[in-house]
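What follows is a short report on a single structure.
The values are calculated or read from the model by the stated rules, or taken from the named source; none is laboratory data. Note that the structure is predicted; figures quoted are calculated from it, not measured. Neighbour counts are summed over all protein chains in view; Cβ atoms, including those assigned to glycine, are modelled from backbone coordinates with ideal geometry. SASA here: full protein model, heavy atoms, side chains in, ligands and nucleic acids out. Shrake-Rupley method; radii C 1.70, N 1.55, O 1.52, S 1.80 Å.
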Amino acid sequence: MNWSDFALTPEQISAIELSLRVGLAATFCSLPFAVLVAYALARWNFPGKMLFDAFVHLPLVLPPVVTGLVLLLTFGRKAPVGAFLADHFGIVFAFRWTGAALASAVMGFPLMVRAIRLSLEAVDPRLERAASSLGAPPPAVFLLVTLPLAAPGLIAGAVLGFAKALGEFGATITFVSNIPGETRTIPAAIYTLTQTPGGDMGALSLSVIAAGLAIGALVASELLARRMRPRRKVSS
């Protein structure tokens, strides 16, 4: 064994670039919805709240293949929603990298919501009421008081969603297949290499890179969260 065995092929580099694109798109597109859902679960009481909470977290307990099948039956080219989006807006998800981003976003959404919800629940409501009593409208209170105080949870949720997107396989391959250069992300490329004679070293190289990307994202999020936490003054 020598170092040349770990050299990446153009197809493997393409899988890494695609995974990063899918992960970033899934994270940034789903984050606003995760914040809204987390806020609703943390602060609002409404009929069916427990059922809604269970539905939001359903991708965590369902087999990923089932989630991918539901996405295919909903957003496929001939499915009702998929056909409408394609015919009226030119948006196609099935067997496209955008579909991989959608599948990754759905799978990572519960993790994002949970982290953000816990952070929102830790915000002292008295601070929000104080801002309201000074005349700040609810949107301003949310943007200027609640969100900054819950920022560590937002960062944690975004990183969890990104890391999940990097490692998503079951729902993605069911929904958008395993097309080189289009939907073959790192997990799909690793799976392909393990099924190819002599592909073990390539699979190992991609596995190391995937682990490095995930660890790097987690370390970066922890550093950002520490910087954004309010510092406690030590009383003398």
Odd one out for residue 189 among (1) modelled with pLDDT of 90 or more; (2) open to solvent by 30 Å² or more (accessible area, probe 1.4 Å); (3) among the aliphatic types (A, V, I, L, M): (2)
Residue 169 vs. criteria open to solvent by 30 Å² or more (accessible area, probe 1.4 Å), over 17 Å from the mean Cα position of the chain (by Cα) and touching a residue at least 60 places away in the same chain (Cβ under 8 Å): no
Checklist (1) out of contact with any Pro (no Cβ under 6 Å at 6 or more places or on another chain); (2) of a type outside the set (Ser, Thr, Tyr); (3) surrounded by 15 or more Cβ atoms within 10 Å (Cβ to Cβ); (4) assigned to a helix (DSSP H, G or I) applied to residue 136, failing item: (4)
Residues (surrounded by 18 or more Cβ atoms within 10 Å (Cβ to Cβ) and over 30 Å from residue 171 (Cα atoms)) located in region 99-130: 123, 128
Every pair of residues 6+ apart whose Cβ atoms lie under 9 Å, when the first sits in region 149-165 and is under 15 Å from residue 33 (Cα atoms) and crowded, with 22+ Cβ neighbours inside 10 Å while the second is among the aromatic types (Phe, Trp, Tyr) and modelled with pLDDT of 90 or more: 158/28; 161/109
Exclusive hit being of a type in the set (Asp, Glu), under 24 Å from residue 185 (Cα atoms) and loosely packed, with under 14 Cβ neighbours inside 10 Å, set 17, 11: 17
Set 174, 196: member being among the polar types (S, T, N, Q) and modelled with pLDDT of 90 or more: 174
Subset of region 83-97 [on the phi > 0 side of the Ramachandran plot and open to solvent by 80 Å² or more (accessible area, probe 1.4 Å)]: 95
Boolean, residue 174 is in contact (Cβ under 8 Å) with a residue 12 or more places away in the chain, part of a helix (DSSP H, G or I), open to solvent by less than 20 Å² (accessible area, probe 1.4 Å) and closer than 28 Å to residue 58 by Cα: no
Within region 183-217, considering residues that are assigned to a loop (DSSP other than H, G, I, E, B) and out of contact with any Leu (no Cβ under 8 Å at 6 or more places or on another chain), the one nearest to residue 67 (Cα to Cα): 195
